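Quick notes on the structure that follows.
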Amino acid sequence: MKDTVYDKVKNYIEKHHMIEAGDLIAVGVSGGADSVCLLHLMHRLSGEMSYRLIAMHVNHGVRAEAAEDAAYTESLCKSLDIPFFLQKVDMNKYAAENKMSPEEAGRQLRYQVFEEVLEQQKKKGESCKIAVAHNAEDRAETMLFHLFRGSGIKGLGSIQPVRENVIRPILCLERAEIEAYLAKHRLKYCQDSTNETDAYTRNKIRHHIISYARQEICSGAVAHMAELADMLSETERYLTKQAKKLYETYVEEVAHEAETTNPEERRKAEETLNEAGNARQQMCLRIQGTKLLAQDSVMYQRVLLLCMEKLTPHRKDITGQHITDLVKLIMRDGSKELSLPYNIKAYKEYDLLILYRGANDCSTQNKGNERAEKAYVIEPPMEISVPGEGTYTFTLLACDAGFSEKQQNIPENRYTKWFDYDKITTAVLLRTRQTGDYLTIDSACHTKSVKQYMINEKIPKLQRDSMHLLTDGAHVMWVPGYRMSQRYKVEESTKRILQVQLRGGRHGRTNRGVIV
């Protein structure tokens, strides 16, 4: 006889690529109807799909019948020859200590236990998954819960079939299908008394709203909501993908550099930083606000939300009003600082929106940083890597008849410049700006201070003190990414040429966040 539920779950697992041969699957089993159904199905499927199965039960220390549930679950696993693991936790104590609801505390504790047991039990080369028993009604309840409390597309997508290493094989089954399966296979299960009361919001939605929808509106309401959740999830994935592309175009991430320039030492320092959980604290975002707002509002709001997520440990405290405030800040003339959750600050500088956390202001991050003040003496041929800016290559060439003024001015040469080497009067330095620095701005030898030039060009204040300039004494030969001094332009009488190329980094043309 055809086993409809078995086939349905098997197809659902395959559709969402939940399991690969050789996986270690830990099934969370409470002893209730849903988890007993899941355990039995996973046991049957393991022979066909070739994965290793274990079962885990967490006693939350709340209900009087909890010990009976654990005993029944253990006996069921023994009858199926499935390794069983039991862990007792204090859910209410954990909730009080961490200022969260008992439901959230229980969820966190369960997954902590699951991960710990998996880590202890996995064999070399095994991929580990956690299987939990959410069903179609759970998904519908969650969708309504998010809808009533206020949610975007992601929240309405509700519970997902796969989230990282968590899989939900029976999310495709309604409760009636689960109960029919248990009856067919003569499987007993425990009754959780807390599911029968209206003490929890989700119970109220299940007992009153979903049951009413089925009886009075449409008997297939739960199935239709699951279909909608799938469509919304697909939409969310697509929009997220497009938002990430725009993020790559309009947002520059600036992090505190490791104090070493040795690649291996820098890598180790960055790993240490991430392990310490301080990565978000160390990041500052430069957003090309005006250009971003030229995109559709759906997309620029998503990009701004993505920026906030880069700086925050949790998304739940970021609301639509915070995104609206950021948009207003970008559109507003003048400067104003905006305070946001998690000690995030935002301010506008020219067409840039700056986001940073705590005291990690981009405009001050290089103060006291000796590397930002370092001057490089240029003696070509040589190559210099400047952290955060890119790699400069200096080459000395002999001028020939084929070198033309047109060649010097083509747009692609914004990051390759040529200088009359014999017009240099002092040592060539690559350094940060100093008081008295100036540029020759035309063939009549008129000059302009570098400070005024940077203001006119709207080079953000946060960049001015950190960016390196190519100089001959106080005379600035080139502001990388912008203009060179007319004084050093190659002419017919030029005999030697200093060629300078800049690749990558904050000011280099390969950087997605360069301001031009």
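Is it the case that TYR342 is over 26 Å from GLY155 (Cα atoms) and under 17 Å from the mean Cα position of the chain (by Cα)? No.
Here are ILE82, ILE54: which of them is surrounded by fewer than 21 Cβ atoms within 10 Å (Cβ to Cβ) and touching a Phe, Trp or Tyr at 6+ places or on another chain (Cβ under 7 Å)? Steps first, answer last, please.
On the way: ILE82 fails: touching a Phe, Trp or Tyr at 6+ places or on another chain (Cβ under 7 Å).
Testing whether each residue is surrounded by fewer than 21 Cβ atoms within 10 Å (Cβ to Cβ) and touching a Phe, Trp or Tyr at 6+ places or on another chain (Cβ under 7 Å) leaves just ILE54.
Could you please find all residues in region 387-404 being modelled with pLDDT of 80 or more and on the phi > 0 side of the Ramachandran plot? Within region 387-404, just GLY390 meets the criteria. Among the criteria (1) surrounded by fewer than 19 Cβ atoms within 10 Å (Cβ to Cβ); (2) at pLDDT 90 or above, the one ALA64 does not fulfil is (2). Within region 379-397, the set of residues being closer than 21 Å to VAL490 by Cα, surrounded by 15 or more Cβ atoms within 10 Å (Cβ to Cβ) and within 40 Å of the chain's Cα centre (by Cα) comprises TYR392, THR393, PHE394.
Yes/no per residue for (1) touching an Asp or Glu at 6+ places or on another chain (Cβ under 7 Å); (2) modelled with pLDDT under 85; (3) surrounded by 14 or more Cβ atoms within 10 Å (Cβ to Cβ):
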{"site": "ALA276", "(1), (2), (3)": "no, yes, no"}
{"site": "LEU304", "(1), (2), (3)": "no, no, yes"}
{"site": "LYS345", "(1), (2), (3)": "yes, no, yes"}
{"site": "TYR350", "(1), (2), (3)": "no, yes, yes"}
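Residues that are surrounded by fewer than 17 Cβ atoms within 10 Å (Cβ to Cβ) and over 42 Å from the mean Cα position of the chain (by Cα) within region 414-437 comprise ASP422, THR425, THR426, ALA427, GLY436, listed in sequence order. You will find that of LYS93, LYS78, LYS10, LYS2, the residue that is charged (D, E, K, R), within 34 Å of the chain's Cα centre (by Cα) and more than 21 Å from ASP192 (Cβ to Cβ) is LYS10 and no other. Screening GLN160 against (1) part of a helix (DSSP H, G or I); (2) crowded, with 17+ Cβ neighbours inside 10 Å leaves a single unmet condition, (1).
On inspection, MET18 passes the criterion of being over 23 Å from ALA183 (Cα atoms) and either at pLDDT 95 or above or part of a helix (DSSP H, G or I) (or both).
Given the structure, is CYS37 in contact (Cβ under 8 Å) with a residue 60 or more places away in the chain and either surrounded by 19 or more Cβ atoms within 10 Å (Cβ to Cβ) or among the β-branched types (Val, Ile, Thr) (or both)?
The answer is yes for CYS37.
List the helices (runs of 4 or more DSSP H) that sit entirely inside region 289-331 and contain at least 1 residues that are more than 20 Å from LYS241 (Cα to Cα). Lay out the reasoning, then the answer.
Values: elements: 289-292, 297-311, 320-331.
Because the criterion is at least 1 residues that are more than 20 Å from LYS241 (Cα to Cα), the helices (runs of 4 or more DSSP H) in region 289-331 that meet it are 289-292, 320-331.
A single entry from GLU68, GLU48 fulfils the requirement of being of a type in the set (Asp, Glu), more than 17 Å from VAL132 (Cα to Cα) and in contact (Cβ under 8 Å) with a residue 60 or more places away in the chain: GLU68.
Working carefully through the options LEU430, LEU340, find the one that is modelled with pLDDT of 75 or more and outside the structural domain of ARG496 (by TED's automatic domain parsing).
On the way: LEU430 fails: outside the structural domain of ARG496 (by TED's automatic domain parsing).
Unique residue meeting the criteria: LEU340.
Of all residue pairs spaced 6 or more apart or on separate chains, those with beta-carbon atoms under 7 Å, a first member in region 472-498 that is closer than 11 Å to ASP437 by Cα and modelled with pLDDT of 90 or more and a second member that is surrounded by fewer than 15 Cβ atoms within 10 Å (Cβ to Cβ) and not hydroxyl-bearing (Ser, Thr, Tyr) are ALA474/GLY436.
The values are calculated or read from the model by the stated rules, or taken from the named source; none is laboratory data. Bear in mind that the values here come from a model prediction, so they are computed numbers and not experimental data. A quick note on method: Cβ atoms are made from the backbone with ideal geometry, for glycine too, and the neighbour counts reach across all protein chains shown.
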